[in-house]
Amino acid sequence: MITLENVNKIYSNGLHAVKDVSLKVNEGDIFGIIGLSGAGKSSLIRLINRLEEPTSGKIFINGEDILSLNKTELLERRKKIGMIFQHFNLLSSRTVEENVAFALEIANWNKKDIGKRVSELLEIVGLSDKAKYYPSQLSGGQKQRVSIARALANNPDILLSDEATSALDPKTTKSILELIKAIQQKFSLTVLMITHQMEVVKEICNKVAIMSDGKIVEQGGVHHIFADPKTEITKEFISYVHQQTDTTLNYLHHKGKKIIKAKFLGTSSQEPIISKVIKKYGIDINILGGTIDKLSTVNIGHLYLELDGDLDIQTKAIELMRNMDVVVEVVYNGN
Ligand SMILES: Nc1ncnc2c1ncn2[C@@H]1O[C@H](COP(=O)(O)OP(=O)(O)OP(=O)(O)O)[C@@H](O)[C@H]1O
């Protein structure tokens, strides 16, 4: 578990990059921190393993106060914190197996154990056949696999990922995210990943925090944030999902017929909510369109519905849906 309490980072030039950040990453979470360039994400993640020292605040890993560790203790703790980066940070003069071995050498592993461990790690990331290759002979995805193997070398309990898929194409991104998810489960890792891509969050995270101008402006379960974003910046991050449909809907406005966007979350999507509403209020409901977001934790159905009937009754029907845990946004109020 990683806990940050009121953490601040002010660089020596006076720039306040991380502002009063508090968050809790539970064991087994894949926790995403999303924000635009300059939001302070890299600064934040670097504070966790003290690649940067916070100006104030507290940081605990599995209950241990990281800021109280002396140099030797910190080096020891860092062995259990794997980190992967956007540009892989591999040593170009070393082969794949030598790059992975490097993490074991600096952790003082016995020479005769290193070879066996490196083979195990390359097997985990699917690169056994590339052991003798140099980084320049690998694709971006393969390079990231090497860096994942290196990050796992000392059996970490925490994996920190700094834009690990940002330099990769969508297909490779997907395969790296699948690998991260698989190793998270296999080794019960707690994963904290920073990204500027909502796709990444959607694909594998169960929790997310949105960072803007050094602050966490919103955080929670990914499905809650997707279903009911509160801040403008969060809405922007996920708006691409329905932009096209929203524009199309402008042509569909009919006086007296409200149009709503209904988000059915988790179990509520299984229930015959629409038919319940129709039966109770005797109105008509047309389905104009819809999509399903398949998140790592749950599916969220987004339906565009046109209501037909007395406008006051339409309002009551919307209330009933909201009472049944449907998040309703009125796109057109019928006037
Ligand atoms: N060592 C440093 N000294 C001074 N300012 C810094 C330092 N490192 C980062 N900053 C500043 O802190 C702010 C946050 O940068 P940071 O790299 O943490 O953001 P980010 O969200 O990770 O953005 P990006 O995705 O572009 O890396 C920026 O204004 C940056 O210029």
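The table below gives the values:
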| read-out | value |
| --- | --- |
| Residue that is nearest to Ile124 (Cα to Cα), among those in the stretch 205-222 that are surrounded by 22 or more Cβ atoms within 10 Å (Cβ to Cβ) and of a type outside the set (Val, Ile, Thr) | Cys205 |
| Considering residues of the stretch 273-311 that are open to solvent by 60 Å² or more (accessible area, probe 1.4 Å), under 35 Å from the mean Cα position of the chain (by Cα) and of a type outside the set (D, E, K, R) only, the residue farthest from Ser239 (Cα to Cα) | Asn286 |
| Residue within the stretch 194-204 that is among the hydroxyl-bearing types (Ser, Thr, Tyr), buried (at least 21 other Cβ atoms within 10 Å of the Cβ), in contact (Cβ under 8 Å) with a residue 24 or more places away in the chain and within 16 Å of the ligand (Cβ to nearest atom) present | yes |
| Entirely in the stretch 208-297, the strands (runs of 3 or more DSSP E) that have 3 or more residues that are at pLDDT 85 or above and on the phi < 0 side of the Ramachandran plot | 215-221, 259-265 |
| Near pairs, Cβ below 7 angstrom, 6+ apart or cross-chain, from the stretch 170-192 (in contact (Cβ under 8 Å) with a residue 24 or more places away in the chain) to any residue that is open to solvent by 70 Å² or more (accessible area, probe 1.4 Å) | Thr190/Met1; Thr190/Glu27 |
| Qualifying residue in the stretch 299-311 (condition: in a helix (DSSP H, G or I) and at pLDDT 90 or above) | yes |
| Matching helices (runs of 4 or more DSSP H) fully within the stretch 73-165 where at least 1 residues are more than 28 Å from the chain's Cα centre (by Cα) and surrounded by 14 or more Cβ atoms within 10 Å (Cβ to Cβ) | 96-105, 111-124 |
| Inter-residue pairs, beta-carbon under 8 Å, first not assigned by TED's automatic domain parsing to the domain that holds Thr172 and in the stretch 111-131, second assigned to a helix (DSSP H, G or I) and open to solvent by 80 Å² or more (accessible area, probe 1.4 Å), 6+ apart | none |
| Matching option when the condition is closer than 26 Å to Arg77 by Cα and either modelled with pLDDT of 95 or more or within 16 Å of the ligand (Cβ to nearest atom) (or both), among Leu127, Leu168, Leu152, Leu138 | Leu152 |
| Residue ID - least open to solvent (accessible area, probe 1.4 Å), chosen from residues in the stretch 35-55 that are basic (Lys, Arg) and in a helix (DSSP H, G or I) | Lys41 |
| Failed item in (1) farther than 23 Å from Ser119 by Cβ; (2) in a loop (DSSP other than H, G, I, E, B); (3) among the hydroxyl-bearing types (Ser, Thr, Tyr), with Thr172 passing the rest | (2) |
| Which listed residue, of Ile10, Ile45, Ile34, is assigned by TED's automatic domain parsing to the domain that holds Gln144, in contact with a His (Cβ under 6 Å, 6 or more places away or on another chain), under 17 Å from Met211 (Cβ atoms) and within 16 Å of the ligand (Cβ to nearest atom) | Ile10 |
| Filter result for Lys143 (in the same structural domain as Phe60 (by TED's automatic domain parsing), away from the ligand (no atom under 16 Å from the Cβ) and more than 24 Å from Leu51 (Cα to Cα)) | no |
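The values are calculated or read from the model by the stated rules, or taken from the named source; none is laboratory data. All values derive from a computational prediction rather than experimental measurement. Positions of Cβ are generated from backbone atoms using ideal geometry, with glycine treated the same way; all protein chains shown enter the neighbour counts. All accessible areas refer to the heavy atoms of the entire protein, side chains included, with ligands and DNA or RNA removed. Shrake-Rupley method; radii C 1.70, N 1.55, O 1.52, S 1.80 Å.
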